[in-house]
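**Student:** Here it is, the structure in full.
The values are calculated or read from the model by the stated rules, or taken from the named source; none is laboratory data. Small disclaimer: the values here were computed from a predicted structure and weren't measured. Cβ placement follows ideal geometry from the backbone for every residue including glycine, while neighbour counts extend to all protein chains displayed. Ligands, DNA and RNA are excluded from the accessible area calculation, which covers all protein heavy atoms including side chains. Shrake-Rupley method; radii C 1.70, N 1.55, O 1.52, S 1.80 Å.
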Amino acid sequence: MIILGIDPGTATTGFGVIKRLPNNKLEYINCGVISTPAGMPDGKRLQIVSQEMKKLFKKYQPDLISVEKIFFFKNAKTVITVSQSRGVVLLEASVAKVPLFEFTPLQAKMAITGYGKANKKQIQKMVQMILGLESIPRPDDAADALSLAICCANSYKFAKLTKKS
């Protein structure tokens with residue numbers, strides 16, 4: 001099962017791709033970011049996010065998508081642009097007919113570290129350990145996307161196991 005994690009943003013959208021193996025171990029496939037130039041009109045930036053999402057779907061053919069759910073933001077301007085990017089991700093997932101799961105940052109932190117107030121460094125280190133990587137995944141947005149994919153893999157596994165009971 002291939003899981004694509006997405007950490008949405010207009011300037012930088014992180015992505016992380018993992019595979020859940022039959023023995024329930026998680027295997028790292030790839031991670032990175034979709035970047036858009038500063039100063040570019042929002043519509044054009046969202047178009048780039050859309051085009052790149054389509055490429056990710058075609059290349060990795062994910063079975064599930066995990067995206068960060070906006071729960072709380074201190075900066076209203078930031079929440080608007082992140083919401084716009086999230087909307088593009090939701091649309092492209094729907095068009096591609098890939099099941100989508102949403103997780104708040106708190107849920108992802110709990111799934112990765114067991115602590116909802118974990119800092120970025122703690123999350124990155126746990127992602128590195130869980131996936132058996134030689135180094136911490138970079139940049140931060142890509143590591144966040146991998147944490148969302150891991151959260152989804154574990155949540156989906158749990159949901160699947162409880163349905164069998």
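**Student:** Expressed as an acute angle from 0 to 90° and rounded to the nearest 10, what is the orientation of the C-alpha long axis of helix 76-96 relative to the principal long axis of the chain?
**Tutor:** Here the helix axis deviates by roughly 70 degrees.
**Student:** Continuing with this model, one more query. Quote to one decimal, in nm, the extra length available between K117 and M129 on full extension: 0.36 nm per residue of separation minus the C-alpha distance between them.
**Tutor:** My answer for the length gained is 2.4 nm.
**Student:** For the chain, calculate the relative contact order in percent as a whole number, restricting contacts to Cα pairs under 8 Å that are 6 or more residues apart.
**Tutor:** It rounds to 31 percent for the chain.
**Student:** Under a Cβ-Cβ cut-off of 12 Å, what is the net charge of the residues other than Q128 that fall near it, where Lys and Arg count +1 and Asp and Glu count -1?
**Tutor:** Surrounding charge for Q128 is +2.
**Student:** Given a 1.4 Å probe and the protein chains all in place, what does the accessible area of K54 round to, in Å² to the nearest 10?
**Tutor:** 110 Å²
**Student:** If each residue of separation counts as 0.36 nm, what is the full-extension length gain between A38 and A11 once their alpha-carbon separation is subtracted?
**Tutor:** Using 0.36 nm per residue and subtracting the Cα-Cα distance, I get 9.0 nm.
**Student:** With point charges of +1 on the Cβ of Lys and Arg and -1 on the Cβ of Asp and Glu, referenced to the Cα centre of segment 53-132, which listed residue (N119, V98, S66) lies farthest in the positive direction of the dipole?
**Tutor:** N119
**Student:** Using only helices, what value at 222 nm comes out for the chain when you add -39,500 (n - 2.57) per DSSP H run of length 4 or more and divide by the total residues, to the nearest 500 deg cm²/dmol?
**Tutor:** Taken over the chain, the calculation gives -17500 deg cm²/dmol.
**Student:** Shape of the chain from its Cα gyration tensor (a ≥ b ≥ c, root eigenvalues): rounded if a/c is under 1.5, otherwise prolate when a/b > b/c, or oblate?
**Tutor:** Cα axes put the chain in the prolate bin.
**Student:** Round to the nearest 10 and give me the degree value, 0 to 90, for the angle of helix 42-60's Cα axis relative to the longest principal axis of the chain.
**Tutor:** Approximately 30 degrees, to the nearest 10.
**Student:** Using only Cα atoms and rounding to the nearest 10 degrees, what angle (0 to 90) does helix 120-131 make with the longest principal axis of the chain?
**Tutor:** So the inclination is approximately 50 degrees.
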